[in-house]
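One structure is given below, encoded as structure tokens.
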Amino acid sequence: MKYYQQQLNPFSLNYLKDLWGEIQVCPYFAINNLNRDFVNTKGFSVVFRREGLLLVEQRFPFLKPYLKVALQPDCNAFYLNPLLLTEGSRVEPHIDRSLRSYCKTIDPPALVSVLYVRIPEGMEGGELVLRTPKQQVGLIKPQTNTMIYFQGDLTHAIKAVKTPGFRLSLVCEQYNLSDVELREIPEFKLESRARQS
């Protein structure tokens, strides 16, 4: 993969509608627990190792079809979060290393996948910007039912959303960790401002 790739229409529209509904009513869905780069956003996070996948599917059965498509076979640790942006929301430039709170020496993920679950009709702003240290390598206008995979070492940001409506994506940082690093990562852990467990 050179920087990023797209997969069009990986799911049925009925499944995306179900995902939207399930995430909205999830008791953990609250003001984002992510850092200050995530301005005016909502979500929650699920940390898990490959062997914790069954626990994730038991707790969140609506994610099972998504996980089957999104998770890459050579990755063994994951940081998954629904990310909701509305008018005025944005994400500042950053490189993902969300598992660093468990393992301080961790490198960026092998890749990051993003599924666009719901995008407002005629949305202005909200584009995903991908950069290397030297140049911009992607400016992606989100489309419902598109999956993006991009290199985990890219700096990325989301431009401010300028129109009303809800921009919901499922973001999954996918890591290929050494045995030593993997021991630091929980088999399954939920992170939410609504409730910690």
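The values are calculated or read from the model by the stated rules, or taken from the named source; none is laboratory data. What you see is a predicted model; the values in this text were computed from it and never measured. Neighbour counts run over all protein chains shown; Cβ positions are idealised from the backbone, glycine included.
Points to keep in mind about this one:
- Residue within the stretch 144-157 that is outside any strand (DSSP E or B), of a type outside the set (A, V, I, L, M), over 17 Å from A70 (Cα atoms) and modelled with pLDDT of 95 or more present: yes
- Residues satisfying the stated conditions in the stretch 94-115, i.e. at pLDDT 95 or above and in a strand (DSSP E or B): L111, V112, S113, V114, L115
- Selection from the stretch 1-43 of residues that are modelled with pLDDT of 90 or more, part of a loop (DSSP other than H, G, I, E, B) and within 15 Å of the chain's Cα centre (by Cα): F29
- Taking the stretch 64-96 as the range and being without any contact (Cβ under 8 Å) to a residue 24 or more places away in the chain and either closer than 17 Å to F150 by Cα or under 14 Å from the mean Cα position of the chain (by Cα) (or both) as the test, the residues that pass are L67, P73.
- Positions within the stretch 1-37 being exposed (fewer than 12 other Cβ atoms within 10 Å of the Cβ), more than 16 Å from N145 (Cβ to Cβ) and either touching a Leu at 6+ places or on another chain (Cβ under 6 Å) or not hydrophobic (A, V, I, L, M, F, W, C) (or both), in sequence order: K2, P27, N35, R36
- Filtering V112, V56, V69 for residues that are within 14 Å of C172 (Cβ to Cβ) and exposed (fewer than 14 other Cβ atoms within 10 Å of the Cβ) leaves a single hit, V69.
- Note on the stretch 158-197: residues that are assigned to a loop (DSSP other than H, G, I, E, B), among the charged types (D, E, K, R) and in contact (Cβ under 8 Å) with a residue 60 or more places away in the chain amount to 6.
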